[in-house]
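Working notes, structure below.
The values are calculated or read from the model by the stated rules, or taken from the named source; none is laboratory data. What you see is a predicted model; the values in this text were computed from it and never measured. All Cβ positions, even for glycine, are placed from backbone atoms using ideal geometry, and neighbour counts span all protein chains on display. Areas reflect the complete protein model, heavy atoms only, side chains present, ligands, DNA and RNA absent. Shrake-Rupley method; radii C 1.70, N 1.55, O 1.52, S 1.80 Å.
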Amino acid sequence: MLDITDGPTFIQIGQSGSADAREAVREAASELDLAKTRFVLAFIPSTLDLTDAMGGIDDSLAGVPVFGCTTAGQITTKGYETDALLLLAFPKANFRCASILFEDLNPLDTTSIAQQAQKQTEKFQHTAGWNRLALMFSDGLSKQEDLLVSTLETVLDGLPIFGGSAGDGLLFQETFVLHKGEAHTNAAILLLIETNLQFQGFGFDHFLPVGSQIIITDADPDERVVYEINGAPAAEEYARLVGCPVDALSPQVFAENPMLLRHNLKYYVRAIRDATAGHALSFLAAIDDGLIMTLGRGQAILKTLETGLSVKDHKGRAPDFILGFDCVLRKLEIEQKQLRRQVSDILQSRRVLGFNTYGEQQSGVHMNQTFVGVAFFEPETRTLN
């Protein structure tokens, strides 16, 4: 097992920076005790050949269920990385799981989704004294995460769902989810998890609303495209509002100046993916005609990260580890401000492991430019099954 100073007790970590996909899987898998592993989460960078990576998983992790996705970056024991393969092994002594693969996401059949989720939940026998949660990984380009997570939240009433959308670096061309060692696009997976560890879910961003209200006056909700803001071409009006020439709009500008939507007294980020040739804006979350929004202005990102990750259990103990889903646009802003090393130090010190996403899910909501985490704590009793 990887030797990490003061590292997690209840999870094994394998990682590799090799540019050869099969070698990366072999190196990462060699750090794991597969005989003790219930399942593995695999986060694969866009720089690795996916076919070779899946072949490596079949060779090195045969017999162990493997789930996960392609990513827009990884959070490893070194903090932020871009080209690293990350494998997280969850031990049999502390975890059980059942999985569902939802194929042909777009268009989304909510009736079928609900039926599959309900059936699998009923089949997944409850272990006395253990806690339940669900993890969701979705094709980050399917544009179906909003409806998918809200449907699952309704059907799985009372079961907390956390997740992240698969990424493709910053290419935005094709993303994949992994289900039992096979890669699928236009798909999503739901993991139903039982654990004797205590856990706590949380989410935070670092934006506050500024300026006057903004009205979406023409949009295509299915494609998440906005054509007009305040009755003017969307990209031109957005550029005017942020004080930037329209031809200077970039992922960095979008990351630092997101649009916020208020829902249930809370503001959620609706991140902009890019501007089109026709001066429309493409978004990474649900958008519609008539929405009233506002610009977001970032606060001190290091302080909000430190505060957001300062979770404790009811005994005041820090987590054994945190599974993190962190938006790639947060990473872009952090790198633009040359804060990558400081952020990586914070992530390391808080034992955060996970990936950079094209969107995050929590409490039935799909959002952007947010950190969503699940903190796992030592069980109430060390008596293990």
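Observations, loosely collected:
Listed here are the residues, each with its yes/no results for (1) crowded, with 21+ Cβ neighbours inside 10 Å; (2) not in a helix (DSSP H, G or I).
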{"site": "GLY14", "(1), (2)": "yes, yes"}
{"site": "ASP59", "(1), (2)": "no, no"}
{"site": "PHE90", "(1), (2)": "yes, yes"}
{"site": "LEU108", "(1), (2)": "no, yes"}
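- ASP320, sole failed condition from (1) of a type in the set (D, E, K, R); (2) buried (at least 16 other Cβ atoms within 10 Å of the Cβ); (3) farther than 29 Å from LEU197 by Cβ: (3)
- Within the stretch 280-297, the presence of a residue that is touching a Leu at 6+ places or on another chain (Cβ under 9 Å), in a helix (DSSP H, G or I) and surrounded by fewer than 18 Cβ atoms within 10 Å (Cβ to Cβ) is excluded.
- Flag: ALA24 does not match the condition of being in contact (Cβ under 8 Å) with a residue 40 or more places away in the chain, farther than 19 Å from VAL177 by Cα and over 21 Å from the mean Cα position of the chain (by Cα).
- Where ASP83 falls short, out of the listed (1) within 17 Å of LEU353 (Cβ to Cβ); (2) in contact with a helix residue (DSSP H, G or I) (Cβ under 6 Å, 6 or more places away or on another chain); (3) among the acidic types (Asp, Glu): (2)
- All positions within the stretch 179-199 that are open to solvent by less than 10 Å² (accessible area, probe 1.4 Å), touching a helix residue (DSSP H, G or I) at 6+ places or on another chain (Cβ under 9 Å) and over 26 Å from LEU309 (Cα atoms): ALA188
- No other residue among GLY68, GLY63 is over 13 Å from GLN15 (Cα atoms) and in a loop (DSSP other than H, G, I, E, B) apart from GLY63.
- Residues in the stretch 136-178 that are open to solvent by less than 10 Å² (accessible area, probe 1.4 Å) and of a type in the set (Val, Ile, Thr): VAL149, ILE161, THR175, VAL177.
- Hits in the stretch 337-365 - residues which are in contact with a helix residue (DSSP H, G or I) (Cβ under 6 Å, 6 or more places away or on another chain) and either at pLDDT below 95 or of a type in the set (A, V, I, L, M) (or both): VAL343, ILE346, GLY364
- Summed over the stretch 40-63, the residues that are of a type in the set (A, V, I, L, M, F, W, C) and over 17 Å from VAL177 (Cβ atoms) give a count of 1.
- Here the stretch 332-348 is the region considered, the condition is being of a type in the set (S, T, N, Q) and under 15 Å from THR304 (Cα atoms), and the residue that is least open to solvent (accessible area, probe 1.4 Å) is SER344.
- Scanning the stretch 2-20 for residues that are in contact with a helix residue (DSSP H, G or I) (Cβ under 7 Å, 6 or more places away or on another chain) and hydrophobic (A, V, I, L, M, F, W, C) turns up nothing.
- So VAL246, is it open to solvent by 10 Å² or more (accessible area, probe 1.4 Å), within 16 Å of ARG270 (Cα to Cα), out of contact with any strand residue (DSSP E or B) (no Cβ under 6 Å at 6 or more places or on another chain) and β-branched (Val, Ile, Thr): no
- All told, ASN385 falls short of being among the polar types (S, T, N, Q) and at pLDDT 95 or above.
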